[in-house]
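The values are calculated or read from the model by the stated rules, or taken from the named source; none is laboratory data. No experiment lies behind these values; they were computed from the predicted model shown. Here the Cβ positions follow ideal geometry from the backbone for every residue, glycine too, while neighbour counts run over all protein chains shown. When the accessible area is computed, the model is the full protein with side chains, heavy atoms only, and any ligands, DNA or RNA have been set aside. Shrake-Rupley method; radii C 1.70, N 1.55, O 1.52, S 1.80 Å.
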Amino acid sequence: EDIPLDILYEDDDIIVVNKKSGMVVHPGNGNYSHTLVNALMAHTDDLSDEGGSERCGIVHRIDKDTSGILLVAKSNKAHRILSEGFKNKTIKRKYIALVYGVIDNNFGKIVAPIGRSKTDRKKMAVTDENSKEAVTNFKVLERYKNSTLVELILETGRTHQIRVHLAEIGYPIVGDYTYSNGKNPFGVVGQMLHAAKLKFVHPTTNKKVEFEAPLPEYFENVLQELENN
């Protein structure tokens, strides 16, 4: 599908995309159009097929309502190397989020296993049953009257990890209907979680590279409103 893409970088082996909030990464679960993969397939014929025909080029994912950097593989060799990088935790990811409540600690590490919720199969939860280790580091960037802007670095990459971990410690992400009981005082469409930076070794040149995606306009507007208040 001819859908505009915000491409931060592209060469023969990789594409670095700044994904908009609201866009599903790849087809599935009855949602077969308007995805990032649909857009990528219209953009180039060169995408890895290591993940299957519905996940062309997709090495890792971010949630539909999360914005920010996504790394795409054009060659199968690049896909395998980058997948290994995520597995071995050599690829570094940094996120920015606005959460409800004022966090007292300037820094923190959340260590809590994540698995499928026993009460709602569409949700993830902190649980000791059928779960995997999950570790999220956070740093407070700014405190507002009733909310906090935080920077997050993942040590693991579980489904909904940041969202579940922040909700678990009592600071759910603004706009996250799934884990914040539907609260949304700013009326934002999509959760205020942004994949801001990605640092990795290029699979072909072996040089260290780093990319950064600016906060989306709606995110900046909410922060400006908080600053003004």
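Using only Cα atoms, what is the ratio of the radius of gyration of the range 109-153 to 2.2 N^0.38 Å?
Numbers: Rg = 13.8 Å, N = 45, 2.2 N^0.38 = 9.3 Å.
Rg over 2.2 N^0.38 Å, computed on Cα atoms: 1.48.
With every protein chain kept in the model, how would you rank Asp12, Asp49 by accessible area, 1.4 Å probe, largest at the top? The partial results should precede the final answer.
Values: Asp12 130, Asp49 95 Å².
Accessible-area ranking of Asp12, Asp49, largest first: Asp12, Asp49.
Just to make sure I understand: if all protein chains stay in place, what is the order of Tyr144, Tyr177 by accessible area at 1.4 Å, largest first? Mind showing how you got there, number by number?
On the way: Tyr144 30, Tyr177 135 Å².
The ranking, largest first, comes out as Tyr177, Tyr144.
How much accessible surface does Val209 have with a 1.4 Å probe, in Å² rounded to 10?
Around 40 Å² of this residue is reachable by solvent.
Would you look at the GNM of the chain, springs on alpha carbons closer than 10 Å, and say which of Gly175, Gly51, Gly190 moves the most?
Highest fluctuation of the listed residues: Gly51.
List, in order, the whole-Hz ³J(HN,Hα) value for each residue of the range 191-204 obtained from phi through the Karplus relation with A = 6.51, B = -1.76, C = 1.60 and θ = phi - 60°; use x for Gly and Pro.
Residue by residue, the range 191-204 yields 6, 8, 9, 10, 7, 8, 9, 9, 10, 7, 8, 4, x, 10 Hz.
List the residues whose amide H sits under 5 Å from the amide H of Ile110, counting only those 5 or more places along or on another chain, with H placed 1.01 Å from N in the peptide plane.
Close amide H contacts, sequence-distant or interchain: Thr136, Asn137, Phe138.
Given that compact globular proteins tend to follow 2.2 N^0.38 Å, what is the ratio of the alpha-carbon Rg of the range 1-102 to that value? Walk me through the numbers on the way to the answer.
Values: Rg = 13.8 Å, N = 102, 2.2 N^0.38 = 12.8 Å.
This ratio for the range 1-102 stands at 1.08.
State to the nearest 20 debye the size of the charge dipole of the range 1-149 about its Cα centre, where the only charges are +1 on K and R beta carbons and -1 on D and E beta carbons.
Working: 23 positive and 21 negative charges, 184 e Å.
For the range 1-149, the charge dipole is close to 880 debye.
Just from its helices, what would the mean residue ellipticity at 222 nm be for the chain, if runs of 4 or more DSSP H residues each count -39500 (n - 2.57) and the sum is divided by every residue, rounded to the nearest 500 deg cm²/dmol?
Working: 4 runs with 40 residues, N = 229.
Value at 222 nm, helices only: -5000 deg cm²/dmol.
With 31 Å as the limit, write out which pairs from Lys92/Lys122; Lys89/Lys145; Lys20/Lys74; Lys123/Lys207; Lys145/Lys208; Lys145/Lys207 have Cα-Cα distances beyond it, or answer none.
Details: Lys92/Lys122 27 Å; Lys89/Lys145 36 Å; Lys20/Lys74 20 Å; Lys123/Lys207 38 Å; Lys145/Lys208 39 Å; Lys145/Lys207 43 Å.
From the list (Lys92/Lys122; Lys89/Lys145; Lys20/Lys74; Lys123/Lys207; Lys145/Lys208; Lys145/Lys207), the Cα-Cα distance tops 31 Å for Lys89/Lys145; Lys123/Lys207; Lys145/Lys208; Lys145/Lys207.
Note down, for the chain, the three equivalent ellipsoid semi-axes (square root of 5 times each alpha carbon gyration tensor eigenvalue), biggest first, whole angstrom.
Working: eigenvalues 164, 77, 67 Å².
The three semi-axes for the chain are 29, 20, 18 Å.
Roughly how many whole Å is it from the C-alpha centroid of the range 154-171 to that of the range 1-38?
Between the Cα centres of the range 154-171 and the range 1-38 lies a distance of 24 Å.
Considering the chain as a Gaussian network with a 10 Å cut-off on Cα pairs, which listed residue, Val24, Val188, Val99, attains the greatest mean-square fluctuation?
Val188
Might you work out the accessible area of Glu212 for me, using a 1.4 Å probe with all protein chains in place, and round it to the nearest 10 Å²?
Ignoring ligands and nucleic acids, Glu212 comes out at about 120 Å².
Just need log10 I(q)/I(0) for the range 98-218 at q = 0.19 Å⁻¹, Debye formula, equal scatterers on the alpha-carbon atoms, no solvent, rounded to two decimals.
-1.10
Using a 1.4 angstrom probe and counting only protein chains, how large is the accessible area of Ile7 in Å², to 10?
50
Sort Lys77, Lys89 by heavy-atom solvent-accessible area, probe 1.4 angstrom, most to least. Present the calculation step by step, with values, prior to reporting the outcome.
Numbers: Lys77 135, Lys89 95 Å².
The ranking, largest first, comes out as Lys77, Lys89.
Using Cα pairs under 8 angstrom and six or more residues apart, how large is the relative contact order of the chain, in percent?
Working: 493 pairs, mean separation 42.5, N = 229.
19 percent.
For the range 47-100 and the range 101-115, compute the distance between their C-alpha centroids and round to whole Å.
About 24 Å separates the Cα centre of the range 47-100 from the one of the range 101-115.
Note the direction-averaged projected area, equal to a quarter of the hull surface, for the Cα convex hull of the range 47-150, in nm².
Working: hull surface 34.4 nm².
It is 8.6 nm².
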